[in-house]
Amino acid sequence: MKYSFGLLILIWLALSPGLDAQIAQPIASAITVQADFEGGNVEVVQLDQAMQRLRVMPALREGRGWPCWWSMRVDGLKPGTDLTLEVQAQTRPYRDKSILAHTWCQPQHAWISDDEGMTWSPSPRGTLNSDKQMVYNIPVTRSELRIAWGPPFVTTDAEALLQHIADRVADSQRFELSKTRGGRSVNGIRVGQENAPNQVWVNARQHAWEAGGSHVGRGFMEWIISDAPAAQALRANTCIYFIPIMDVDNVALGAGGKDAQPRDHNRDWADDAIYPEVAAAQKMIRSIHERHGLDAYIDLHNPAPKDPVFFFGPFGFAELPDVTRKKYQHCIELAAKNIREPVAVVPEYRFATYVTTEEERGRMSSGWVRNNLGDHGISVTLETGWNNSAMSVAGYGSIGAGLGRSLAEYLSE
């Protein structure tokens with residue numbers, strides 16, 4: 001009897017016990033790294049599929065500031081194992097010959113989401129190796145993880161927050177501050193009567209990488225619209241303007257924004273403002289102050305890796321008129337009383353002494369506002385230290401709520 005070669009193979013497969021089961025075993029998916037979403041930013045340096053070891057650095061966005069923020073989606077992981085993630089500094093200069101120090105892109109904890117960015121939790125604490133790479137051992141709970149420098153906050157988060165506020169408070173009005181140079185909307189909301197006795201402006205993210213500022217702003221506004229008696233009393237007598245993201249273009253691109261070209265966003269507060277959203281904010285703030293007097297301007301930022309939670313105060317603090325100095329001093333005392341969790345605020349002002357010229361100080365947002373307020377209101381910057389696991393979404397929110405309580409107490413007096 002003659003058999004074809006193909007038939008012989010089929011007979012052999014049929015008679016070979018267990019071979020079909022072996023053939024049916026699925027081939028493991030290859031690990032892939034993606035950043036093609038809003039706020040995504042990563043450059044893969046090395047990927048060892050077998051060892052599930054990944055080395056990355058923040059991608060460089062030419063002319064768009066510090067390469068420190070990174071955010072990515074990693075697919076093809078094996079649940080029940082660990083991913084070894086190594087993060088190094090970007091090796092190319094972000095401006096002229098300046099290469100950013102590695103510490104800016106290496107938080108003590110990476111932030112992980114296994115539910116497509118709905119919730120974020122810190123990884124085990126990383127370790128810095130001899131090559132200045134931060135190494136995180138990340139437990140793999142699902143085949144797809146989102147991993148980022150910190151809990152992200154992008155325009156979809158901002159839109160959800162603004163709509164939540166509008167739905168919660170009848171006396172509120174959403175508005176578009178401006179379109180960016182890239183054609184994106186910079187949106188905000190007004191809470192309270194336009195002609196209220198007290199007027200407040202709060203904005204965040206003039207430096208795109210400082211996502212914690214937006215989370216603090218969310219906590220602030222969630223307290224403002226709450227049923228707390230002090231919050232209700234504040235809303236009855238105060239008009240609050242809130243912008244959750246100022247540098248929308250760089251947030252969308254996952255760029256750092258700090259020291260961007262042609263001008264840093266927070267150094268653009270001049271008569272010749274380059275960014276439309278800065279010019280629009282200047283126009284609105286002038287109008288508010290001319291009609292009612294602006295009582296408080298608060299700019300929300302994140303500082304250097306080793307910094308705590310603190311306020312930048314006005315330059316020449318000791319030389320301020322007595323009434324103005326006492327007003328600022330009372331504000332920091334109230335902040336120290338109310339901002340306690342998860343990290344207490346430093347109970348005295350710091351000053352941005354690294355800005356050495358009066359011209360540049362006048363182009364900083366808080367400086368520009370202060371120069372335009374005269375002695376009427378206060379203008380401060382809240383810098384919320386980010387480099388510890390307590391600075392979760394909830395942790396930032398607690399700082400924001402404390403800021404709200406401080407403001408309510410200050411204005412009630």
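Every number in this text was worked out from the coordinates using simple rules, so none of it is lab data. Since the model is a prediction, treat every value here as computed from it, not as a measurement. We place every Cβ from the backbone using ideal geometry, glycine too, and count neighbours over all the protein chains shown.
Below are the figures for this structure:
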quantity	calculated
Relative contact order of region 78-236, defined on C-alpha pairs under 8 angstrom at six or more residues apart (%)	17
Long-range tail of P(r) for region 205-286 (Cα pairs > 18 Å, %)	52
DSSP-assigned coil residues among GluC sites (Glu not before Pro) in region 309-370, each with at most 16 further Cβ atoms within 10 Å	GLU348
Relative contact order of the chain, defined on C-alpha pairs under 8 angstrom at six or more residues apart (%)	16
Listed candidates (i) 22.7; (ii) 28.3; (iii) 26.4 - label of the one calculated as mean projected area of the Cα convex hull in nm²	(iii)
Using alpha carbons only: equivalent-ellipsoid semi-axes of region 120-264, gyration tensor based, whole Å	33, 20, 14
Positive-end residue of SER366, HIS330, ALA344, charge dipole of region 315-413 with Cβ unit charges	ALA344
Amide hydrogen neighbours beyond the local backbone of LEU100, cut-off 5 Å, H modeled	TYR94
Between region 87-133 and region 233-312, the alpha-carbon center distance in angstrom	26
The chain: Lys pairs at Cα distance under 18 angstrom, eight or more positions apart or on different chains	6
The chain - share of DSSP beta bridges that are antiparallel (%, nearest 5)	65
Burial ranking of peptide ranges 205-214, 224-233, 55-64 (average Cβ count within 10 Å, highest at the top)	205-214, 55-64, 224-233
Cα-centre dipole for the chain with unit charges at Cβ (Lys and Arg positive, Asp and Glu negative), debye to 20	460
